[in-house]
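The values are calculated or read from the model by the stated rules, or taken from the named source; none is laboratory data. Quick caveat, the model's predicted, so the values are computed rather than measured. Cβ coordinates were reconstructed from backbone atoms using ideal geometry, including for glycine residues, and neighbour counts include every protein chain displayed.
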Amino acid sequence: MANCDLKDNLRLYRLRTGLSVTQAATEAGINRSYLYDLEAGRSKNPSITVLRALSGVYGLTVAEMIGDEEPAPSWESYNLRFGAE
């Protein structure tokens, strides 16, 4: 993810969790239109509070979400890759 913009990461991880913009924003305690603007690149500097809230909703660290670290593989992806049950 390190080559992606924050806006791309926000949308990607939201979609991976299967949440709508409204659902993710509600769970994070932020305004739906603000999350939509972040994902569209119209708002570019979210506070650390917003980043922490969204990363918690998406099951990531802030560093993973902003692209400073690769997310740890989930057990599901491990099982798919290695055929474990």
Return the residue satisfying two criteria in turn: it lies in the stretch 1-56 and is without any contact (Cβ under 8 Å) to a residue 24 or more places away in the chain and of a type in the set (D, E, K, R), and of such residues it is nearest to Gly67 (Cα to Cα). Asp8
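Rundown of residues vs (1) modelled with pLDDT of 90 or more; (2) basic (Lys, Arg); (3) crowded, with 16+ Cβ neighbours inside 10 Å, yes/no style:
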| site | (1), (2), (3) |
| --- | --- |
| Leu19 | yes, no, yes |
| Ala28 | yes, no, yes |
| Arg42 | yes, yes, no |
| Ile48 | yes, no, no |
| Asp68 | no, no, no |
| Asn79 | no, no, no |
